[in-house]
Amino acid sequence: MTEEKKDDNLMEKIVSFCKRRGFVFPSSEIYGGFANSYSYGPYGTQLKNNIKKLWWKKVVQERMDIVGIDGPIMLNSKLWEASGHTSGFNDAMVDCKKCKKRFRADHIVEEATGKDLEGQLEAMTKVLKEEKVKCPECGESDWTNVREMNMMFKTEMNGYYGDVYLRPETAGAIFIEFKNIIDSMRVKVPFGIAQIGKAFRNEIVAGNFIFRLREFEQMEIEYFIDPEKDWETIFENWTIFQEEFAMALGAKKEDLRRYEHAKEKLSHYSRKTVDIEYRFPFGFGELFGLAHRGDFDLSQHAKFSGKKLEYFDAENNRRFIPHVIEPTFGLDRSILLALLAAYREEKLEDDSERVVMKFPKYLAPIKAAIFPLLKNKPELVAKAKEIYNSLKMEFMCEFDDNGNIGKRYRRQDEIGTPYCITVDFETLEDGAVTVRDRDTMEQKRIKIEELNSFLKENLK
Ligand code: GAP
């Protein structure tokens, strides 16, 4: 039996673990760092790719009603006028005049007074000044007025006159391909278009590791529906799908909750918006979002482009602008969830301790590690390399002959490798190897020729 220890400093541990074991590095470190940006290291990149693969499989591959695309990051700026981002994608900021730190005004006001004044600039300024709200950084109360700041990053492009923006969400690139998808694919409403990719937001305050970034990745779907048919069931099914996806990343059901946006706070076109929140170490935070957006996006793009963005229902000889339900998934937040949920410190029966990442096996960055029992026995090394070379054609594998077997197990436990395969002297006699399970630490002998099918069966 192993004993799990409760973790009070989980976030700090994950941040340092990620750097030490090659999952996530602070970016530009040799130049003194660069404002809340991170690089995914070799194991983090594998984990990220496995999450994307899982999402794509569940959303695109396994469904008949969703197609996938991959659009550009820089797009015609009219798109952002039509979507309302140029004028309305703003956050409220305020500066502390004493320590010069900048904050999200609505967050500061809500934390200090419990008042939700989002979007009300003057009211926020009044509360900050009259109620002498203290700066969380220096403790003084000397604020500038609250101002709005557009969150899109602006750039320039040769041959294009006017501002070019880095997309603040992947959704825009989906809507503008609606017509191409209708014309080129045999889709029938209800159907969806999915995309995974980078998005950029000039967040006033980024932080909590990879939770809030200025450059991040989203996995989004625009699901087009008939406005005259039941939308509630479709909406509920997407909510369940999002919860199940979070659980497939390792979340426990009790660490998830639905947060439904108040009706009076919804955009005029939205019938319902729900966030799926996860209990991060710093509190519940938005993991995924789900919104009914009516026909706002297609109507706006039709108006601004002058192109008809309609669907023709041949069976009923009806033409209409579909409504859309938008399930959106943050990839970096999914990775953070998977890391937090997998991390365990265990005390073993012999009183030793181990750190083990209990990722679901299909998410593990490395699927199997292959060891020769002894480094200085060429026949064992050769056999282990032969097995490694064969398995790596199908699975992400590592070869390790460094240190004693116990240490090699610990190294692989730490990065969450489900299986360690050891070649010993018996292997040369009976053609079998010792396979050790990450979670139970049980060992069993398996014939070399059965390894491939064993892994295939057990990594699902
Ligand atoms: N198209 C809808 C949309 O973009 P959103 O709630 O603004 O909706 C969707 O973003 C998801 O993207 C969020 O649920 C979150 O997981 C992720 N996300 C948003 N801002 C982020 C940021 N600054 N850093 C990391 N992830 C972010």
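Listed by position, the strands (runs of 3 or more DSSP E) contained in region 241-314 that have at least 3 residues being among the β-branched types (V, I, T) are 272-280.
Taken over region 84-131, residues that are out of contact with any Phe, Trp or Tyr (no Cβ under 8 Å at 6 or more places or on another chain) and part of a helix (DSSP H, G or I) amount to 18. Residue count for region 300-345 satisfying the condition of being surrounded by fewer than 20 Cβ atoms within 10 Å (Cβ to Cβ) and not hydroxyl-bearing (S, T, Y): 21. Listed by first and then second residue, the pairs with beta-carbon distance under 9 Å, at least 6 apart or on different chains, first residue in region 447-460 and in the same structural domain as G416 (by TED's automatic domain parsing), second part of a helix (DSSP H, G or I) and β-branched (V, I, T), are I448/I387; I448/T427; L451/I387.
One line per residue, one yes/no per condition, for (1) at pLDDT 95 or above; (2) surrounded by fewer than 12 Cβ atoms within 10 Å (Cβ to Cβ); (3) among the acidic types (D, E):
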residue: L373; (1), (2), (3): yes, no, no
residue: K377; (1), (2), (3): yes, no, no
residue: I387; (1), (2), (3): yes, no, no
residue: E426; (1), (2), (3): yes, no, yes
residue: D430; (1), (2), (3): yes, yes, yes
residue: V435; (1), (2), (3): yes, no, no
residue: L455; (1), (2), (3): yes, no, no
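Condition first: among the hydrophobic types (A, V, I, L, M, F, W, C), within 16 Å of the ligand (Cβ to nearest atom), surrounded by fewer than 19 Cβ atoms within 10 Å (Cβ to Cβ) and more than 30 Å from L340 (Cβ to Cβ). Can you find one or more residues in region 173-192 that meet it? Taking every residue of region 173-192 in turn, none turns out to be among the hydrophobic types (A, V, I, L, M, F, W, C), within 16 Å of the ligand (Cβ to nearest atom), surrounded by fewer than 19 Cβ atoms within 10 Å (Cβ to Cβ) and more than 30 Å from L340 (Cβ to Cβ). Looking across region 199-215, the residues that are within 9 Å of the ligand (Cβ to nearest atom) and part of a loop (DSSP other than H, G, I, E, B) come down to R201, E203, A206, I210, F211, L213, R214.
The residues of region 141-196 that are in the same structural domain as E62 (by TED's automatic domain parsing), small (G, A, S) and over 14 Å from G71 (Cα atoms), listed by number, are G159, G162, S184, G192.
Let's see how each residue does on (1) assigned by TED's automatic domain parsing to the domain that holds E244; (2) over 17 Å from N180 (Cβ atoms); (3) hydroxyl-bearing (S, T, Y); (4) surrounded by fewer than 16 Cβ atoms within 10 Å (Cβ to Cβ):
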{"position": "Y43", "(1), (2), (3), (4)": "yes, yes, yes, no"}
{"position": "I51", "(1), (2), (3), (4)": "yes, yes, no, no"}
{"position": "W55", "(1), (2), (3), (4)": "yes, yes, no, no"}
{"position": "V59", "(1), (2), (3), (4)": "yes, yes, no, no"}
{"position": "R63", "(1), (2), (3), (4)": "yes, yes, no, yes"}
{"position": "D70", "(1), (2), (3), (4)": "yes, no, no, yes"}
{"position": "H85", "(1), (2), (3), (4)": "no, yes, no, no"}
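Scanning region 273-294 for residues that are of a type in the set (A, V, I, L, M) and closer than 15 Å to I221 by Cβ yields V274, I276, L290, A291. Taking the criterion of being part of a strand (DSSP E or B) and without any contact (Cβ under 8 Å) to a residue 40 or more places away in the chain, would at least one residue in region 418-432 satisfy it? Yes: one or more hits.
Residues that are assigned to a helix (DSSP H, G or I) and aliphatic (A, V, I, L, M) within region 154-173 comprise A171, A173, listed in sequence order. Scanning region 267-285 for residues that are surrounded by fewer than 15 Cβ atoms within 10 Å (Cβ to Cβ) and within 16 Å of the ligand (Cβ to nearest atom) yields a total of 4.
The values are calculated or read from the model by the stated rules, or taken from the named source; none is laboratory data. Because the structure is a prediction, the values reported are computed rather than measured. Neighbour counts are summed over all protein chains in view; Cβ atoms, including those assigned to glycine, are modelled from backbone coordinates with ideal geometry.
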